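Participant: I have a structure here, written as structure tokens, and I will follow up with some questions on it.
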Amino acid sequence: NAGVTQTPKFQVLKTGQSMTLQCAQDMNHNSMYWYRQDPGMGLRLIYYSASEGTTDKGEVPNGYNVSRLNKREFSLRLESAAPSQTSVYFCASSELGATGGGYTFGSGTRLTVV
Amino acid sequence: SQQGEEDPQALSIQEGENATMNCSYKTSINNLQWYRQNSGRGLVHLILIRSNEREKHSGRLRVTLDTSKKSSSLLITASRAADTASYFCATDARDDKIIFGKGTRLHILP
């Protein structure tokens, strides 16, 4: 019963470096999401994928790219990391999207950009 | 664009007391959800209430929804130390997304 698995759990990057955050779900969910959580800001949607083969921008997409590799996996890439991207990143999945029974979240990736 | 907003931002109560937190939102919704986040962990879905429902229960949780006031409340009865967490409401928005509020930090005092 793994649910949503995110890797890595922690990462420190230097400004300008690139990295990919990995997310995989084993619940056969159609929709997947990437959020960032900053102190006092709640969760903000970066990108989402309503189904395999589709991706759409969320509230704060600048500086990020995503790939829905298959139904299970949804990765988030930072091409040139900036200190403003220091945050905790959460991946989530859902069977029925916003109309359904709730999202399942991963445990998060804590990213620091120095 | 913030849809839901929780109130209060922080709440401290004695163990055994009831905890009530509120969520207000701006535009019409199809459903509203509540999530819990323990420190350093991901969010956990607690309960979903649809726009045609007024009240819903799950164990020690009671959620109400007043669409005329665009507000919802989450009541946790007989609080326990393990209830210490942040609680978020989330409302459905356009394009199959949900939008989270900034959360209420609940601290249960021994």
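The values are calculated or read from the model by the stated rules, or taken from the named source; none is laboratory data. It should be emphasised that the depicted structure is a prediction, and the values quoted were computed from it without experimental measurement. Ideal geometry is used to build each Cβ from the backbone, glycine not excepted, and the neighbour counts take in all protein chains shown.
Participant: Taking the condition of being in a loop (DSSP other than H, G, I, E, B) and polar (S, T, N, Q), how many residues in segment A:1-35 meet it?
Facilitator: Total meeting the criteria: 6.
Participant: Can you pull out every residue in segment B:29-50 that is more than 16 Å from B:Thr84 (Cα to Cα) and either without any contact (Cβ under 8 Å) to a residue 40 or more places away in the chain or surrounded by 15 or more Cβ atoms within 10 Å (Cβ to Cβ) (or both)?
Facilitator: B:Ile29, B:Asn31, B:Leu32, B:Gln33, B:Ile47, B:Leu48, B:Ile49, B:Arg50, listed by residue number.
Participant: Being under 14 Å from B:Ile98 (Cβ atoms), in contact with a Ser or Thr (Cβ under 8 Å, 6 or more places away or on another chain), within 10 Å of another protein chain (Cβ to nearest Cβ) and at pLDDT 95 or above is the requirement here; does A:Ala92 meet it? Break it down into steps so the answer makes sense when it comes.
Facilitator: Working: under 14 Å from B:Ile98 (Cβ atoms): yes; in contact with a Ser or Thr (Cβ under 8 Å, 6 or more places away or on another chain): yes; within 10 Å of another protein chain (Cβ to nearest Cβ): yes; at pLDDT 95 or above: yes.
Here the answer is yes, as A:Ala92 does meet what is asked.
Participant: Give the residue, chosen from B:Lys97, B:Lys56, B:Lys102, that is of a type in the set (D, E, K, R) and touching a residue at least 40 places away in the same chain (Cβ under 8 Å). Outline the logic, then answer.
Facilitator: Working: B:Lys97 fails: touching a residue at least 40 places away in the same chain (Cβ under 8 Å); B:Lys56 fails: touching a residue at least 40 places away in the same chain (Cβ under 8 Å).
Unique residue meeting the criteria: B:Lys102.
Participant: Out of segment B:9-41, which residues are in a loop (DSSP other than H, G, I, E, B), farther than 12 Å from B:Gly101 by Cβ and more than 10 Å from every other protein chain (Cβ to nearest Cβ)?
Facilitator: B:Glu15, B:Gly16, B:Glu17, B:Asn18, B:Thr27, B:Ser28, B:Asn38, B:Ser39
Here's the yes/no breakdown for (1) within 13 Å of the chain's Cα centre (by Cα); (2) more than 14 Å from chain A (Cβ to nearest Cβ):
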| position | (1), (2) |
| --- | --- |
| B:Asn52 | no, no |
| B:Val63 | yes, no |
| B:Thr77 | no, yes |
| B:Asp96 | no, no |
| B:Gly103 | yes, no |
| B:Ile108 | no, yes |
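Participant: Can I ask one more? Since B:Gly103 meets every condition but one in (1) surrounded by fewer than 22 Cβ atoms within 10 Å (Cβ to Cβ); (2) in contact with a strand residue (DSSP E or B) (Cβ under 9 Å, 6 or more places away or on another chain), which condition does it not meet?
Facilitator: (1)
Participant: Right, something else. Say we look at segment A:67-110 and pick out the residues that are in a strand (DSSP E or B), of a type in the set (Phe, Trp, Tyr) and within 19 Å of B:Cys89 (Cβ to Cβ); which of these is nearest to the chain's Cα centre (by Cα)?
Facilitator: Taking the candidates together, the pick is A:Phe90.
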